[in-house]
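See below for the structure under consideration.
The values are calculated or read from the model by the stated rules, or taken from the named source; none is laboratory data. This one's a predicted model, so the numbers in the text were calculated from it and none came from an experiment. Every residue, glycine among them, receives a Cβ derived from its backbone with ideal geometry; neighbour counts consider all protein chains shown.
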Amino acid sequence: MASFRDMDADKIRRVLDECHADVREIAIRYPDLMSSLEEQYEIDKKTYGRLPTFICVQTNTGVINTTIRYSKFIKLLPIWKARPDILDSKMVDDIVNTRNIALRQDGRGASELFGMPPTPKQQ
């Protein structure tokens, strides 16, 4: 398996299903496909002003939409290039799959904590 261009749509879907469309899992199980994703990233970076949400791969039969997020791919790409041996570590998982954590956990609003903003004086 050299690249996505050599695969048909069913084979691409099987790879995505097997890896749960997780770019880190794809890099671990199918490292040769990462260069194909990197090529697509370079093409999309030059073509679009802003990258799309999901990676669409070019195949011999046409373009196939994936559910691989560019945001996760961009975080993983430098790690894959520099240290492919640590891709299965918890640290890389935390970097690629960052979780949004609320700044406040108690649910109290700003007006409750700091009071109401001052009202302008009437003239």
Requested in this report: For the range 80-123, enumerate the residues that are at pLDDT 70 or above, polar (S, T, N, Q) and part of a loop (DSSP other than H, G, I, E, B).
Outcome: S89, N97, T98, T119, Q122
Report task. Being surrounded by 15 or more Cβ atoms within 10 Å (Cβ to Cβ) and of a type in the set (V, I, T) is the filter here, so list the residues in the range 29-80 that pass it. Result -> I55, V57, T59, I64, T66, I68, I79
Report task. Filter the range 7-28 down to the residues that are of a type outside the set (K, R), in a helix (DSSP H, G or I) and in contact with a Lys or Arg (Cβ under 9 Å, 6 or more places away or on another chain), then identify the one that is surrounded by the fewest Cβ atoms within 10 Å (Cβ to Cβ). Result -> E18
Query raised in the report: Quick check: is even one residue across the range 50-61 of a type in the set (S, T, Y), modelled with pLDDT under 90 and assigned to a strand (DSSP E or B)?
Result: yes
